[in-house]
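Contents: one structure, followed by commentary.
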Amino acid sequence: MNNSNKTAVVTGISSGIGLALTKKLLEENYNVFGTTRSGELNTLVHPNLEVVALEVTDPLSIQRAVSKIKALANGIDLLVNNAGAAPDVFEVKPEYEAFTQTLDTNITGVVFFTEPLLNYINTGGQVIFISSNMGLPKNAAANGPGYRMSKAAINMYAAMLATRLADQHIRVTPMHPGWVQTRLGGDQAPLTPGQAADGLYQGITSNSESGKFWNITVPGIEAY
Ligand SMILES: NC(=O)c1ccc[n+]([C@@H]2O[C@H](COP(=O)([O-])OP(=O)(O)OC[C@H]3O[C@@H](n4cnc5c(N)ncnc54)[C@H](OP(=O)(O)O)[C@@H]3O)[C@@H](O)[C@H]2O)c1
């Protein structure tokens, strides 16, 4: 890793948006600590990338990943909570297994991975949550109960954190990456992961207002 680079942590880089954003951040001269469940990544090897094992629904895995990042990184400039699941996105009625899996991954896992890293984020750093416009109340529809509620909750957590971290000048942004061709988004989506990563990077480098929802498809702050 290069000591003069900024440092990013990105969760869920095995595929999709997380992998594309990691490539983008490496191009932009970040050191990246990227997480996969296995702790391995065969599709991308880079001298400024360190792959860390993380299963966000397992508190022990979170503890080990956080310890490794703290031991190797010299502070964090950018934390991107990207890992997420959407098993009930085509369902209308909440079903227990899919609902709890979604909330465990998209809320509990995100919150309890973020909290122990907060005191390691540099003054002037950023926390990004890859959220979804499906979690905005104005876009409410019947499908995806766990998924929509989980993203709505993360938008609230982002707004709360923005207040908590204001004195440290840490900017917090929940972001909609567009509808993207990934395992989660499906083949019909209009955006490639690379296009989503470019849009997210534009949002990261914009001087957005902390705590506000950012939509890359209409760059700028979007009302809830
Ligand atoms: N694609 C879209 O249109 C779209 C739209 C709005 C928001 N998003 C959000 O974008 C984020 C990335 O999704 P994607 O579209 O890139 O889908 P994806 O290709 O399925 O990527 C999801 C990533 O999250 C990881 N992950 C899932 N559950 C996990 C867990 N329990 N512990 C650790 N890692 C876990 C996956 O790891 P494994 O490979 O091990 O499963 C994978 O790396 C998600 O938060 C999603 O909600 C996507």
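Scanning the stretch 67-83 for residues that are in a loop (DSSP other than H, G, I, E, B) and either surrounded by fewer than 23 Cβ atoms within 10 Å (Cβ to Cβ) or more than 16 Å from the ligand (Cβ to nearest atom) (or both) turns up ALA73, ASN74, GLY75.
Among the residues of the stretch 198-224, those identified as of a type in the set (A, V, I, L, M) and either more than 10 Å from the ligand (Cβ to nearest atom) or in a loop (DSSP other than H, G, I, E, B) (or both) are ILE204, ILE216, VAL218, ILE221, ALA223. Filter the stretch 7-51 for residues that are surrounded by 18 or more Cβ atoms within 10 Å (Cβ to Cβ), part of a loop (DSSP other than H, G, I, E, B) and among the β-branched types (Val, Ile, Thr) and give the result. Listed by number, the residues that qualify are THR11, ILE13. Taking first residues from the stretch 96-119 that are closer than 13 Å to ALA158 by Cβ and without any contact (Cβ under 8 Å) to a residue 40 or more places away in the chain and partners that are among the small types (Gly, Ala, Ser) and not in a helix (DSSP H, G or I), no Cβ contact under 8 Å between residues at least 6 apart in sequence or on separate chains turns up. Can you tell which of VAL45, VAL52 is in contact with a Ser or Thr (Cβ under 6 Å, 6 or more places away or on another chain) and more than 10 Å from the ligand (Cβ to nearest atom)? Answer to the selection: VAL52.
For the stretch 165-219, give me each residue that is at positive phi, touching a strand residue (DSSP E or B) at 6+ places or on another chain (Cβ under 7 Å) and surrounded by fewer than 19 Cβ atoms within 10 Å (Cβ to Cβ). Answer for the stretch 165-219, where residues must be at positive phi, touching a strand residue (DSSP E or B) at 6+ places or on another chain (Cβ under 7 Å) and surrounded by fewer than 19 Cβ atoms within 10 Å (Cβ to Cβ): just HIS169.
Of the residues making up the stretch 1-54, those that are in contact with a Lys or Arg (Cβ under 8 Å, 6 or more places away or on another chain) and under 26 Å from ASP187 (Cα atoms) number 4. Before we move on, is SER131 closer than 20 Å to VAL9 by Cα, small (Gly, Ala, Ser) and within 11 Å of the ligand (Cβ to nearest atom)? Against the criterion (closer than 20 Å to VAL9 by Cα, small (Gly, Ala, Ser) and within 11 Å of the ligand (Cβ to nearest atom)), SER131 qualifies. If you go through the stretch 185-194 and pick out every residue that is over 19 Å from ASN139 (Cα atoms) and under 16 Å from the mean Cα position of the chain (by Cα), you end up with 2.
Only the coordinates and a few stated rules stand behind these numbers; no lab work does. Predicted model, so just to flag it, every value in this text is computed and none were measured. Every residue, glycine among them, receives a Cβ derived from its backbone with ideal geometry; neighbour counts consider all protein chains shown.
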